[in-house]
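Below is one structure; the comments refer to it alone.
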Amino acid sequence: MREVIIVGSGPAGWTAAVYVARANLKPLLFEGDEPGGQLMTTTDVENYPGFANGIQGPELMDVMKKQAVRFETEIISKHVVSIKKIEGGFEVATDTDTLQSKAVIVSTGASARRLGLESEKELYGKGVSACATCDGFFFKDKEVIVVGGGDSAMEESNFLTRFASKVYIVHRRDAFRASKIMQERTMKNPKIEVIWNTEVADILGVNEGRVTGVLLRDTEKDETREMKIEGVFAAIGHEPNTKLVEGLLDLDEKKYIKTIPGTSKTNIPGMFACGDVQDAIYRQAVTAAGSGCMAALDAERYLAEQGD
Amino acid sequence: MEKVFTDDNFGTDVLKSAIPVLVDFWAPWCGPCRSMAPVIEEVATEAEGKMKVGKMNVDENMDTPGKYSVMSIPTFIIFKGGEVVDRFVGSMTKEEVLKKVESHY
């Protein structure tokens, strides 16, 4: 049986791996089906300490991975489908393999929330995108909308103006919840126009096989209208990836893993949680990394106690 | 071995290929494309002889992605006898890609 298995490859997972590896506990890390996590679809990361000039999201994940590899973290590029409690530890399974360990660190993060429309699924990759940094390129001189009002909506909108002729931000309230600096940057951008108090009721173009427009609903007057548009980017927050541990670990009402305050401990001894999967409040790369360190130290202590 | 497809060789290497072809539309600036690169390389090795696997850089080749309405990357399209038989978008594991690939041998 292995000592520690880490599930997830964002800043929390890689930081946990560095600490576990340096404690000579030979971590095994599963990268999952979104390797690198949310930062892989982020451009400039300007608030991660240690990078005076900022760093690109994928670049940051790349160096974190390299650091974990340097201390001999074993990496499996697979998606974990189940975790079970067994005598003396846990059983972690992918579609093809089953591995056992004494402790498990869950750092499965959060994934971008979708609008939840049938047309969104149909038109995904045909004008509907979940990654502005990947797909902005395909919208040169076209008009697009970004749905949302937080930092990621601001960042994506600003990024998209490099390509799109016009970016409309559709927001269901009359104010953004984004940080001041991001709001200012957005409001100053001449290519961005905000459509307040409005939500996307439907995306049009299923028959054409590409996005041709959207159906907008005014949330105050409850009126709908059609708008011609070629691209739809949703930036309406994230959902924790906790399907894997549902029924095993205690989750809060928003489905985040509950940890004992001030620790990474879950309700099951030997299972630890770190990063966005247990953090509905801060959700920063640096807080994820910090909690990854906590999980590694908690796991190390747990294993030492078991050995006594 | 993974192939490199371009607008120029697409007709002969993909559309006229004797065996099915998986084309990975990607670009260097796309994070998920980068993390899929090693996955696709392994798929290429496992599918050797049964399916041709290769990538097309959408930054250097504009015609083919345009023709097939590629608007998100990574987009993966499987061609058989010059026709599109499967298409999927975004990150996934090697097992998931292999499942799709093997269903078109």
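All of the numbers you see were taken from the coordinates with simple rules; none came from a lab. The structure presented is a predicted model; accordingly, all values stated were derived computationally and were not measured. Note: ideal-geometry Cβ built from the backbone for every residue, glycine included; neighbour counts use all protein chains shown.
Counting only helical runs of four or more DSSP H residues, what would the 222 nm mean residue ellipticity of chain A come to if each run contributes -39,500 (n - 2.57) and the total is spread over all its residues? Display every interim value, and only then the final one.
On the way: 7 runs with 77 residues, N = 308.
My calculation for chain A gives -7500 deg cm²/dmol from helical runs alone.
For a footprinting-style exposure proxy, rank A:Val7, B:Val85, A:Val106, A:Val194 by other Cβ within 10 Å, fewest first. Working shown, then result.
Numbers: A:Val7 26, B:Val85 14, A:Val106 31, A:Val194 17.
Placing the least packed residue first, the sequence is B:Val85, A:Val194, A:Val7, A:Val106.
Please state the relative contact order of the stretch A:119-187 as a whole percent: Cα pairs under 8 Å, 6+ residues apart? Don't skip to the answer; put the middle values down first.
Numbers: 86 pairs, mean separation 22.4, N = 69.
Relative contact order here is 33 percent.
If pairing requires two Cys Cβ atoms under 4.7 Å apart, which cysteines of chain A are left without a partner?
Cys with no partner Cβ under 4.7 Å: A:Cys274, A:Cys293.
Using Cα pairs closer than 8 Å and at least 6 residues apart in sequence, work out the relative contact order for chain A, in percent. Walk me through the intermediate numbers first.
On the way: 708 pairs, mean separation 65.1, N = 308.
It rounds to 21 percent for chain A.
Once a ≥ b ≥ c are taken as the square roots of the eigenvalues of the Cα gyration tensor of the protein assembly as shown, is the result rounded (a/c under 1.5), prolate (a/b larger than b/c) or oblate (a/b not larger than b/c)? Display every interim value, and only then the final one.
Details: a/c = 1.93, a/b = 1.22, b/c = 1.58.
Oblate, because a/c is 1.5 or more while a/b does not exceed b/c.
Percent relative contact order of the stretch A:118-234, based on C-alpha pairs within less than 8 angstrom and at least six residues apart?
Details: 254 pairs, mean separation 36.2, N = 117.
Relative CO of the stretch A:118-234 lands at 31 percent.
Given R₀ = 22 Å, FRET efficiency for A:Lys191-A:Lys140 by Cβ-Cβ distance, to 0.05? Please list the in-between numbers first.
Numbers: r = 13 Å, r/R0 = 0.58.
Step by step, r from the Cβ atoms, then E = 0.95.
If you rank B:Ile40, B:Ile19, A:Ile145 by fewest surrounding Cβ atoms within 10 Å, what's the result?
Values: B:Ile40 20, B:Ile19 13, A:Ile145 28.
The fewest-first ordering by Cβ neighbours comes to B:Ile19, B:Ile40, A:Ile145.
Which whole-Hz ³J(HN,Hα) couplings does the stretch A:9-24 yield from phi under the Karplus relation 6.51 cos²θ - 1.76 cosθ + 1.60, θ = phi - 60°, glycine and proline marked x?
Per-residue couplings from phi come out as 10, x, x, 5, x, 5, 5, 4, 4, 4, 5, 5, 5, 6, 8, 6 Hz.
How far apart, in nm, are two points set 7 Å out from the Cα along the Cα-to-Cβ line at B:Asp7 and at B:Glu42?
3.5 nm
List every residue whose amide H lies under 5 Å from the amide H of A:Ser111, counting only residues 5 or more places away in sequence or on a different chain, with H placed 1.01 Å from N in the peptide plane.
Residues meeting the criterion, in which the H sits 1.01 Å from N, are A:Glu239, A:Asn241.
Count, for each residue of B:88-97, the Cβ atoms from other chains sitting within 10 Å of its Cβ, then give me the mean as a whole number. Intermediate results must be reported in sequence, preceding the final value.
Numbers: counts 2, 9, 8, 9, 3, 13, 6, 7, 4, 0.
Counting Cβ atoms of other protein chains within 10 Å of each residue's Cβ and averaging gives 6.
Taking a spot 7 Å from the Cα of A:Glu46 along the direction of its beta carbon, which residues of the stretch A:270-302 have an amide N less than 18 Å from it?
Counting backbone N atoms under 18 Å from the label point, the list is A:284-286.
Select from the stretch B:25-103 those GluC sites (Glu not before Pro) which occupy a DSSP coil region and have at most 12 other Cβ atoms within 10 Å, ordered by residue number. Please report the intermediate quantities before stating the final value.
On the way: sites: B:Glu41, B:Glu42, B:Glu46, B:Glu48, B:Glu60, B:Glu83, B:Glu95, B:Glu96, B:Glu102; in loops: B:Glu48, B:Glu60.
Counting only loop positions with at most 12 other Cβ atoms within 10 Å, the GluC sites (Glu not before Pro) in the stretch B:25-103 are B:Glu48, B:Glu60.
Give me the inter-chain shielding for A:35-42: mean count of other chain Cβ atoms within 10 Å, whole number please.
Values: counts 9, 5, 2, 1, 1, 7, 4, 1.
Shielding by partners across A:35-42 averages 4.
Under the 0.36 nm per residue contour assumption, what length would be gained going from the current alpha-carbon distance of A:Lys85 and A:Ile181 to full extension?
Numbers: separation 96, 0.36 × 96 = 34.56 nm, distance 4.58 nm.
Here the segment from A:Lys85 to A:Ile181 would lengthen by 30.0 nm.
Once the Cβ-Cβ distance between A:Glu305 and A:Asp95 is put in as r, and R0 is 51 Å, what FRET efficiency do you end up with, to the nearest 0.05? Please report the intermediate quantities before stating the final value.
Values: r = 34 Å, r/R0 = 0.66.
That pair, A:Glu305 with A:Asp95, gives E of 0.90.
7 Å from Cα along Cα→Cβ at both B:Ile19 and A:Glu246: what's the point-to-point distance in nm?
4.0 nm
According to a simple spin-label model (label point 7 Å from Cα along Cα-to-Cβ), what is the distance in nm between A:Glu253 and A:Glu239?
Computed distance between label sites A:Glu239 and A:Glu253 equals 1.9 nm.
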